[in-house]
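Structure first, then comments.
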Amino acid sequence: VDWNTRNKNISDFDEEFSVEYKFDGLTLAITYENGLLKQAATRGNGEVGEDVTEQVKTIRTVPLSIDYKGLIVVNGEGIMKLSELEKYNAEATEKLKNARNAVAGAIRNLDPKITAKRKLDFFAYNINYSPDLNFESQTEMFEFLKKQGFSVGNFFHIVHSLDEIEKLIKETDKKRSSLD
């Protein structure tokens with residue numbers, strides 16, 4: 001509410017919001033050049049990330065190539081679905097405590113084969129950098145990411161008030177325990 005009020009006070013603020021799930025995993029920045037995955041990095045310390053390119057290439061929902069041929073950095077979340085965590089723990093001698101730690105450990109390890117065994121997923125949510133692309137809205141960016149083959153999640157709503165946001169949050173809270 002405070003953020004919304006501040007924005008209204010400093011500009012002609014159009015109350016349009018995109019509401020999406022917040023995935024709890026490991027933030028990744030994936031760079032593509034000439035349509036090919038060139039590099040993947042974690043957020044690291046906020047300025048310098050860890051190079052995790054080989055590990056990220058094993059994530060089944062990370063496109064190794066995209067149609068867009070310009071330079072682009074796609075931000076998203078590497079996650080381990082709860083169903084995959086359950087399957088993994090059913091067979092593992094050393095159980096994983098939670099999905100967030102499981103994905104972080106899988107991506108930060110040095111052996112891409114271990115990463116692949118965790119059956120991770122990636123959900124894109126932002127274009128961090130592109131010298132040639134400009135999007136007018138989150139919806140435009142969302143559609144572009146889908147067209148390039150990225151998973152973007154199946155919960156995406158455009159709303160026009162804080163009340164609508166609150167309603168979506170309450171609906172999500174009711175089904176949170178059933179979400180993978």
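The values are calculated or read from the model by the stated rules, or taken from the named source; none is laboratory data. Since the model is a prediction, treat every value here as computed from it, not as a measurement. Here the Cβ is made from the backbone with ideal geometry for all residues, glycine too, and neighbour counts use every protein chain on show. The accessibility values were calculated without ligands, DNA or RNA, using every heavy atom of the protein model including side chains. Shrake-Rupley method; radii C 1.70, N 1.55, O 1.52, S 1.80 Å.
Data for the structure
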{"quantity": "Test: residue in segment 103-120 that is in a strand (DSSP E or B), within 24 Å of R43 (Cα to Cα), of a type in the set (A, V, I, L, M) and open to solvent by less than 20 Å² (accessible area, probe 1.4 Å)", "calculated": "no"}
{"quantity": "Within segment 154-174, considering residues that are closer than 20 Å to D121 by Cα and either in contact with an Asp or Glu (Cβ under 9 Å, 6 or more places away or on another chain) or of a type in the set (A, V, I, L, M) (or both), the one least open to solvent (accessible area, probe 1.4 Å)", "calculated": "F155"}
{"quantity": "Segment 21-42, residues that are within 21 Å of K81 (Cβ to Cβ), open to solvent by 60 Å² or more (accessible area, probe 1.4 Å) and touching a residue at least 12 places away in the same chain (Cβ under 8 Å)", "calculated": "D24"}
{"quantity": "Segment 16-34: number of residues that are within 20 Å of F155 (Cβ to Cβ) and not in a strand (DSSP E or B)", "calculated": "6"}
{"quantity": "Within segment 104-123, tally of residues that are of a type in the set (A, V, I, L, M) and touching a residue at least 60 places away in the same chain (Cβ under 8 Å)", "calculated": "3"}
{"quantity": "Residues being over 18 Å from P63 (Cβ atoms) and open to solvent by 90 Å² or more (accessible area, probe 1.4 Å) - total across segment 133-153", "calculated": "2"}
{"quantity": "Inter-residue pairs, beta-carbon under 7 Å, first in a helix (DSSP H, G or I) and in segment 65-94, second among the aliphatic types (A, V, I, L, M), 6+ apart", "calculated": "L82/A99; L85/L96; L85/A99; L85/A102; Y88/L96; N89/L96"}
{"quantity": "Answer residue from segment 35-64, given it is part of a loop (DSSP other than H, G, I, E, B) and of a type in the set (A, V, I, L, M) and is modelled with the lowest pLDDT among those", "calculated": "V48"}
{"quantity": "The one condition in (1) at pLDDT below 95; (2) over 18 Å from T61 (Cα atoms); (3) aliphatic (A, V, I, L, M) that V103 fails to fulfil", "calculated": "(2)"}
{"quantity": "Selection within segment 1-17 - open to solvent by 50 Å² or more (accessible area, probe 1.4 Å) and either of a type in the set (S, T, Y) or closer than 22 Å to F150 by Cβ (or both)", "calculated": "T5, S11"}
{"quantity": "Considering residues of segment 70-91 that are small (G, A, S) and either open to solvent by less than 20 Å² (accessible area, probe 1.4 Å) or in contact with a Phe, Trp or Tyr (Cβ under 7 Å, 6 or more places away or on another chain) (or both) only, the residue nearest to S178 (Cα to Cα)", "calculated": "G78"}
